[in-house]
Amino acid sequence: MAVVSSGHITQKAHPLDLVEEAIATREWALDRPKRDELLVEVTGRWCHYQVFFHWSNDIGALQISCVLDLRSPEQSKSLIYELLALVNDRLGIGHFHIDSIEGLPAYRHTLLLRGGTLSAEQVEDLLDIALHETDRFYPAFQYVIWGGQTPINAIATVAFETVGEA
């Protein structure tokens, strides 16, 4: 897949080709508008998500963004930023942010591959983690944006710990 020569990645196959193959097995709608970009529409637990992959050859990095179609009124922006801090404190990989172009919340993670190769397992992990975290915290964003909840109450509702066994 990739050949490392003098510290630079030379791709035999483009990393997004592997991503495209993984998505094809899941039978999701996809579009590849540019060589280094891949767009996917995914049905999550709560709604459809727009998933974007971007390859940066300069630094050997693959970025995934999973956008939540939740537009928030201007008056709730400070509450959303407070919620972002609470949500991000609970993530081990990746982070949520507000997209600068459309102002939508999105999960984002970048996988650095300089000096290495991308595997099908890494692609599967990227997808699974992004969708899991997006599904996990989507209700918290809804509770704050449309439910009038405080960020602390919203996060408490979705991020509770289960104790014991049933």
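Computed from the coordinates by the stated procedures, all read-outs in this text should not be read as laboratory data. From a predicted model like this one, the values you see are computed outputs, not experimental measurements. Please note: Cβ atoms are built from the backbone with ideal geometry, for glycine as well, and neighbour counts cover all protein chains shown.
Scanning segment 99-155 for residues that are closer than 23 Å to residue 24 by Cβ and of a type in the set (A, V, I, L, M) returns 111, 113, 118, 120, 123, 126, 127, 129, 130, 131. Within the set 84, 62, the sole residue that is in contact with a helix residue (DSSP H, G or I) (Cβ under 6 Å, 6 or more places away or on another chain), surrounded by 12 or more Cβ atoms within 10 Å (Cβ to Cβ) and of a type in the set (A, V, I, L, M) turns out to be 62. Taking the criterion of being in contact with a Ser or Thr (Cβ under 7 Å, 6 or more places away or on another chain) and touching a residue at least 24 places away in the same chain (Cβ under 8 Å), would at least one residue in segment 116-134 satisfy it? No, because not a single residue in segment 116-134 is in contact with a Ser or Thr (Cβ under 7 Å, 6 or more places away or on another chain) and touching a residue at least 24 places away in the same chain (Cβ under 8 Å). Looking across segment 101-119 at every residue that is out of contact with any helix residue (DSSP H, G or I) (no Cβ under 6 Å at 6 or more places or on another chain) and of a type in the set (A, V, I, L, M, F, W, C), the one that is nearest to residue 22 (Cα to Cα) is identified as 111.
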